[in-house]
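Single-structure report; data block below.
The values are calculated or read from the model by the stated rules, or taken from the named source; none is laboratory data. For clarity, every value in this text was computed on a predicted model and none was experimentally measured. Cβ placement follows ideal geometry from the backbone for every residue including glycine, while neighbour counts extend to all protein chains displayed. Surface areas here come from the heavy atoms of the whole protein model, side chains and all, with no ligands, DNA or RNA. Shrake-Rupley method; radii C 1.70, N 1.55, O 1.52, S 1.80 Å.
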Amino acid sequence: SDRELEVFRLLGQGCGTRQIAGKLRLATSTVESYRAGIKQKLGLARAPELVARAAQFVANEPQA
């Protein structure tokens, strides 16, 4: 979803769950749910894998 992609980008930019929740005006539990959904969709087991994949995504994203 668009929101998951937004959370994924912010993870890749080094933001933590609380920071993301604040920026997107969401509850931390909602951000955690998005993170879990993203991990499942990408077939990742652990949070560090998710953050590494997100950082790679952001690094490879074309600059506007």
If you look at just the Cα atoms of the chain, how large are its Rg and its Dmax in Å?
10.9, 32
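For the chain, with every protein chain kept in place, what is the accessible area per residue (1.4 Å probe, Å²)?
Working: 4270 Å² over 64 residues.
That works out to 67 Å² for each residue.
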How large is the helix-only mean residue ellipticity at 222 nm for the chain, computed as the sum of -39500 (n - 2.57) over DSSP H runs with n ≥ 4, divided by its residue count, in deg cm²/dmol to the nearest 500?
-23500 deg cm²/dmol
Residue by residue, what Karplus-based ³J(HN,Hα) values in Hz, rounded to whole numbers, does segment 15-32 have, using 6.51, -1.76 and 1.60 with θ = phi - 60° and x for Gly and Pro?
7, x, 4, 5, 4, 4, 4, x, 5, 9, 6, 10, 6, 4, 5, 5, 4, 4
ASP2 versus ALA52: modelled label distance in nm, points set 7 Å from Cα along the beta carbon direction
3.2
Counting only protein heavy atoms with a 1.4 Å probe and every protein chain in place, the carbon and sulfur fraction of the accessible surface of the chain in whole percent equals 49
Taking the Cα of LYS39, stepping 7 Å toward and past its beta carbon, and measuring to each backbone N in segment 46-64: which are under 17 Å?
46-55
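Got the relative contact order for the chain handy, in percent, Cα pairs under 8 Å and 6 or more residues apart?
On the way: 47 pairs, mean separation 27.3, N = 64.
Dividing the mean separation by the residue count of the chain yields 43 percent.
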Got a sec to turn the phi values of segment 33-40 into Karplus ³J(HN,Hα) couplings, 6.51 cos²θ - 1.76 cosθ + 1.60 with θ = phi - 60°, whole Hz, x for Gly and Pro?
5, 4, 4, 4, x, 5, 4, 5
